[in-house]
Amino acid sequence: MPVDIASLKFLIVDDSKFMRSVEKHALEGIGATSITEAGTGRETVEKLATEVFDVLILDMMLPDMSGIQALQAGKAAGLNKDIHVIMVTGESDKDTVQKAIKLGVKGYIIKTLTTEDLGEKVRGNLERLYTPKPPSQD
């Protein structure tokens, strides 16, 4: 059964207002209706501490801290443990990706995509994250 994207609450974090607009348009294009935006790490941590989100679309490079630092601070502030974090960034450094995965990042999308590509990449990540795994055959 496909994930009901309209039922999910998204937080888009990017210091570029233009990129937030592109990401919001991409999410709306795949059916998202509840989308909140943040432009700094501090704003992100405040929102994560006071609201519950299902999906965090997080840029790696923010003006006041890295996306990794914002995620660490969000976890320290009581981040929803069930949140699905998808990094959308221009960073493809292997060490950075590994650090993000250790912090629970479930998807990693490079920013060189069109709006439609971005929407489909996010949808693919969400389908994978929200599809129940079959029971093990032990």
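For the range 1-102, the antiparallel share of DSSP beta bridges with both residues in that region comes to about 5%. For the chain, the mean residue ellipticity at 222 nm estimated from helices alone is -13000 deg cm²/dmol, where every DSSP H run of n ≥ 4 contributes -39500 (n - 2.57) and the total is divided by all residues, rounded to the nearest 500.
Exposure proxy for H25, H84: other Cβ atoms within 10 Å of each Cβ, ordered fewest to most, give H25, H84. Computed on the chain, the Cα convex hull volume stands at 118 Å³ per residue. Based on Cα contacts under 8 Å between residues 6+ apart, the chain shows a relative contact order of 26 percent.
Since every read-out is calculated from the coordinates, none of them should be taken as a lab result. These numbers come from a predicted model, not from an experiment. Because the Cβ atoms are built from the backbone with ideal geometry, glycine has one as well, and the counts that use them run over all protein chains shown.
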